[in-house]
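Notes follow once the structure below has been shown.
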Amino acid sequence: MGKDIRALFEKELNMTDEKMPEGHQARFLSKLDVALPLDEKPKFNWLKIAASIVMALGIGFVTYNYFNVESSMKEVVDNDTEINVNAKTKTLGDISPDFKKVEDYYLANINLELSKVKITPENKELFDGYVAKLEELNEEYNRLSLELTENGPDELTVNALINNLKLRLNLMYRLQKQLKRMNSIEATQS
């Protein structure tokens, strides 16, 4: 006994004789315009433009670094032997966790002391001399790491690597002392 829904709606529409008050629709539309105004003007959003510029710069930076592989692939030449720095060479940390702690300790302290150095025109020559010595020690460390990789860990190589790190750290301490001495001499002469 289903009834057709269309017939029910037609019957309902015909039965209703109620009419809206005069001007009801106009009042409703004016209130609607006040509550939700239509902005015809497109907004110029600076935030979207800034985000687009940042994205473009980021993509450009990543692309530049990706295609500039030559600068990240440095080679060290020593005794007519080319050693690729990016090749996997063993370090103290690869031997045992305890050696890794020792290596990290020395490298962190060397970098810390190096970051404390303030270069001035008066101490630049002294600093450059120490940096040259540090570079020599770093090259020696790379040779020892290569020896460790090729021959496996032995007591002499491990001790030489640790002594190299100690020497570099002591060199940084000496540089700090000499710079303090230079500064105190300059302060007394002024």
> Of all residues in the range 86-137, how many are surrounded by 14 or more Cβ atoms within 10 Å (Cβ to Cβ), of a type outside the set (D, E), touching a residue at least 12 places away in the same chain (Cβ under 8 Å) and in a helix (DSSP H, G or I)?
Replying inline: 15
>> Quick test for you: out of N170, N151, pick the one residue that is open to solvent by 60 Å² or more (accessible area, probe 1.4 Å), modelled with pLDDT of 85 or more and either farther than 21 Å from K116 by Cβ or of a type in the set (V, I, T) (or both).
In response: N151
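Table: residues versus (1) modelled with pLDDT under 75; (2) part of a helix (DSSP H, G or I); (3) of a type in the set (G, A, S).
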| residue | (1), (2), (3) |
| --- | --- |
| A7 | no, yes, yes |
| R27 | no, yes, no |
| D33 | no, yes, no |
| K48 | no, yes, no |
| I53 | no, yes, no |
| L57 | no, yes, no |
| I83 | yes, no, no |
>> Among the numbered criteria (1) farther than 30 Å from L161 by Cβ; (2) of a type outside the set (A, V, I, L, M); (3) modelled with pLDDT of 70 or more, which one does T89 miss?
In response: (1)
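The values are calculated or read from the model by the stated rules, or taken from the named source; none is laboratory data. Just so it is clear, the structure is predicted and the values come from calculations on it, not from any experiment. Cβ atoms come from the backbone with ideal geometry, glycine included; neighbour counts cover every protein chain shown. Note: areas computed on protein heavy atoms with side chains; ligands, DNA, RNA excluded. Shrake-Rupley method; radii C 1.70, N 1.55, O 1.52, S 1.80 Å.
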